[in-house]
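The block underneath contains the structure these notes are about, expressed in structure tokens.
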Amino acid sequence: MMQHDVIIACDFKSAEDTFKFLDLFRDEERKPFLKIGMELFYAEGPAIVREIKRRGHRIFLDLKLHDTVKKAMAVLSRLDVDMCNVHAAGTVEMMKYALEGLTREDGTRPLLIAVTQLTSTSEERMRQELLINASINDTIVKYAQNTRAAGLDGVVCSPLEADMVHEACGKEFLTVT
């Protein structure tokens, strides 16, 4: 993955809507890198991933897994996506299991990143609902450090958080914003 690749979100509700959009890129020499989120994946299943991959696109499968990750990642790895993610709140151990499940028998695997905090999470909600008393920035940095410690490739974060993540985890640590 290049440092400044643009990933286009395919936040469509159906295969029909998705392919109508993707047909606009039919003649492109370099097909866009696409994000497939939960809505499209749950509506259309693995078949949509296979068809988009067949059309020559790189795929970020954005499902934010949090539980039973080892077995789920093994299944997702067979879809030949280029990148997928878990939620960093699941702990270092969970992320290590995800990495183990994602790694194929030949040692290859897609990039694996973790979500530090959902954009809808505020510091007030962290304190009141999740009983997390650290600041949101400290939490994001700690989750990124945990992600790196687990051996993952990077994190999903806000563009405003990327510098502090790089400062804590190194410039080569991937940030997807």
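The values are calculated or read from the model by the stated rules, or taken from the named source; none is laboratory data. Given the structure is predicted, the values throughout are model-derived calculations rather than measurements. Neighbour counts are summed over all protein chains in view; Cβ atoms, including those assigned to glycine, are modelled from backbone coordinates with ideal geometry. These area figures cover heavy atoms from the full protein model, side chains too; ligands, DNA and RNA do not enter into them. Shrake-Rupley method; radii C 1.70, N 1.55, O 1.52, S 1.80 Å.
Could you tell me which of Ala134, Thr68, Val81 has its Cα farthest along the dipole of the stretch 44-177 towards the positive end, charges placed at Cβ (Lys, Arg +1; Asp, Glu -1), taken about the Cα centre? Ranked along the dipole, the leading option is Val81. Counting only residues at least eight positions apart within a chain, or on another chain, the aspartates and glutamates with an alpha carbon under 19 Å from that of Lys13 are Asp23, Glu39, Glu44, Glu51, Asp62.
Here's how it looks for Ile59: its modeled amide H is under 5 Å from those of Leu34, Asp82, Met83, which are all 5 or more places away or on a different chain.
The simple spin-label model puts a point 7 Å past each Cα toward its Cβ; for Ala149 and Ser135 those points are separated by 2.1 nm. Annotation: amide H of Val115 within the under-5 Å range of Val86, His87, Ala88, Val156, sequence separation 5 or more or interchain, hydrogens built in the peptide plane. In a reduced charge model with +1 at each Lys and Arg Cβ and -1 at each Asp and Glu Cβ, the chain shows a dipole moment near 440 debye about its Cα centre.
Applied to the stretch 145-151, the Karplus parametrisation 6.51 cos²θ - 1.76 cosθ + 1.60 on θ = phi - 60° returns per-residue 3J(HN,Hα) values of 4, 4, 4, 5, 4, 7, x Hz, with x for Gly and Pro.
Fully extending the segment from Arg30 to Ile8, taken as 0.36 nm per residue of separation minus the present Cα-Cα distance, adds 6.6 nm. Cβ-Cβ distance of Arg55 and Val75, R₀ of 22 Å, FRET efficiency by 1/(1 + (r/R0)^6): the value works out to about 0.55. Note on the chain: helix-only mean residue ellipticity at 222 nm, from DSSP H runs of 4+ residues weighted -39500 (n - 2.57) and normalised by residue number, equals -12000 deg cm²/dmol.
Can you give me the relative contact order of the stretch 1-160 as a percent, contacts being Cα pairs under 8 Å and 6 or more apart? Once normalised by length, the contact order is 17 percent. Taking θ as phi - 60° and the Karplus parameters 6.51, -1.76 and 1.60, the scalar couplings of the stretch 60-74 work out to 9, 8, 9, 10, 6, 4, 9, 9, 6, 6, 4, 5, 5, 5, 4 Hz in sequence order, x denoting glycine and proline. The apolar share of the surface of the chain, taken as the fraction of accessible area on carbon and sulfur atoms (1.4 Å probe, ligands and nucleic acids excluded), comes to 51 percent. Compute the longest continuous run of the chain that contains no exposed GluC sites (Glu not before Pro); treat a site as exposed when its DSSP state is not H, G, I, E or B and it has at most 13 other Cβ atoms within 10 Å. Looking at the chain, 30-104 is the longest stretch - no exposed GluC sites (Glu not before Pro) with at most 13 other Cβ atoms within 10 Å. Taking all protein chains into account, the per residue accessible area for the chain stands at 56 Å² (1.4 Å probe).
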